[in-house]
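Take a look at the structure set out below.
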Amino acid sequence: MSTQQSDDTPKRGPFLTVMAILLAVLALSDATKALQRMQDPAVGGLVILGHKITSIGLNAVAGPLFGLFLVTYAYGVWRMKRWVLPMATVYAFYVPVNLVLFWSLHSVPHPTVRFIVIYLAFALTGSVSTALYLNRHHDRLA
């Protein structure tokens, strides 16, 4: 079985296909944080290194920037590009740090252990596992 698709793009496989799609959805979510914040100030807002951005203006700037990073990352995964490796590594470290800082810096009611475990499973699968997979299979990247 060949590891190449018909257009000379290395084959992604189901895991990376799902991750690229989820990263693109997350990019859209981050890019629209200002709109989310306007609709429901209690829920919307980008979180950067544990700090929730409450300003609509800052969300309107930072959200699209984070969205651009994530859509670029998604594209690199989708097309199996070698240049995506540093992005994957940075994002793999950023996500858990951001989660821990958010929960430790805010006086919001702490979620249940069950919620934390499920949330971390998804977040770490999406960030750390993708980076590990890409680094493990770097020879398949173009």
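Below is a table of values for the structure above.
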quantity	calculated
Total residues in region 114-142, condition of a type outside the set (Asp, Glu) and more than 22 Å from the chain's Cα centre (by Cα)	0
Cβ pairs under 9 Å, 6+ apart, first in region 109-134 and open to solvent by 60 Å² or more (accessible area, probe 1.4 Å), second among the aromatic types (Phe, Trp, Tyr)	HIS110/TRP103; TYR133/PHE15
Yes/no for TRP83 being of a type outside the set (A, V, I, L, M) and closer than 17 Å to ARG12 by Cβ	yes
Matching option when the condition is surrounded by fewer than 17 Cβ atoms within 10 Å (Cβ to Cβ), of a type in the set (Val, Ile, Thr) and part of a helix (DSSP H, G or I), among VAL100, VAL43, VAL77	VAL100
Test for PHE93: is it within 30 Å of ALA142 (Cβ to Cβ), open to solvent by 50 Å² or more (accessible area, probe 1.4 Å) and in contact (Cβ under 8 Å) with a residue 60 or more places away in the chain	no
Test: residue in region 25-35 that is part of a helix (DSSP H, G or I), in contact with a helix residue (DSSP H, G or I) (Cβ under 6 Å, 6 or more places away or on another chain), surrounded by fewer than 18 Cβ atoms within 10 Å (Cβ to Cβ) and modelled with pLDDT of 90 or more	yes
Residues that are closer than 13 Å to LEU46 by Cα and open to solvent by 70 Å² or more (accessible area, probe 1.4 Å), drawn from region 62-74	LEU65
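The values are calculated or read from the model by the stated rules, or taken from the named source; none is laboratory data. For clarity, every value in this text was computed on a predicted model and none was experimentally measured. Reconstructed Cβ throughout: ideal geometry from the backbone, glycine too, with neighbour counts over all protein chains shown. Only protein heavy atoms, including side chains, enter the accessible area calculation; ligands, DNA and RNA are left aside. Shrake-Rupley method; radii C 1.70, N 1.55, O 1.52, S 1.80 Å.
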